[in-house]
Amino acid sequence: MQVGVAYSEPGRQAWVTIDVPDEATVRDAIEHSGILRQFPHIDLAAQKIGVFSKLVKLDAPLRAGDRIEIYRPITCDPQTVPRRDLAEGDED
């Protein structure tokens, strides 16, 4: 069956469509995709994984056409991100 594996970071993204056996798990597909070689800093033990935006475990079974998404942590400096203190509809 065919599934897709996606990962993105600023300035670089990867989307790979691969064939995996019918009994493949999320982990099997990620390892088979080559994404871990392209992005060696991915830590499957720490990063969250989803299928069509729904969080799943690495041992979750796959269905044909699934899109596996490897999520990276979002980090920001609170001093550089403007706060949204205004109530909805207020504009100053």
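Residue-level check: of (1) surrounded by fewer than 16 Cβ atoms within 10 Å (Cβ to Cβ); (2) in a helix (DSSP H, G or I); (3) touching a strand residue (DSSP E or B) at 6+ places or on another chain (Cβ under 9 Å), residue 30 misses just (1). Can you tell me which residue within region 60-74, out of those that are touching a strand residue (DSSP E or B) at 6+ places or on another chain (Cβ under 8 Å) and either within 15 Å of residue 48 (Cβ to Cβ) or hydroxyl-bearing (Ser, Thr, Tyr) (or both), is surrounded by the most Cβ atoms within 10 Å (Cβ to Cβ)? Top of the filtered list is 68. Within region 33-53, restricting attention to residues that are of a type outside the set (Ser, Thr, Tyr) and closer than 19 Å to residue 2 by Cβ, the residue that is surrounded by the fewest Cβ atoms within 10 Å (Cβ to Cβ) is 52. Go through region 10-26 residue by residue and tally those that are within 16 Å of residue 72 (Cα to Cα) and either among the hydrophobic types (A, V, I, L, M, F, W, C) or assigned to a helix (DSSP H, G or I) (or both). Summing the residues that are within 16 Å of residue 72 (Cα to Cα) and either among the hydrophobic types (A, V, I, L, M, F, W, C) or assigned to a helix (DSSP H, G or I) (or both) in region 10-26 gives 2. Of the residues making up region 33-51, those that are assigned to a strand (DSSP E or B) and among the aliphatic types (A, V, I, L, M) are 49, 51.
Taken over region 27-60, the criterion of being under 22 Å from residue 75 (Cα atoms) and aromatic (Phe, Trp, Tyr) is satisfied by 39 alone.
We did not get these values from a lab; they are worked out from the coordinates using the rules stated. No experiment lies behind these values; they were computed from the predicted model shown. Here the Cβ is made from the backbone with ideal geometry for all residues, glycine too, and neighbour counts use every protein chain on show.
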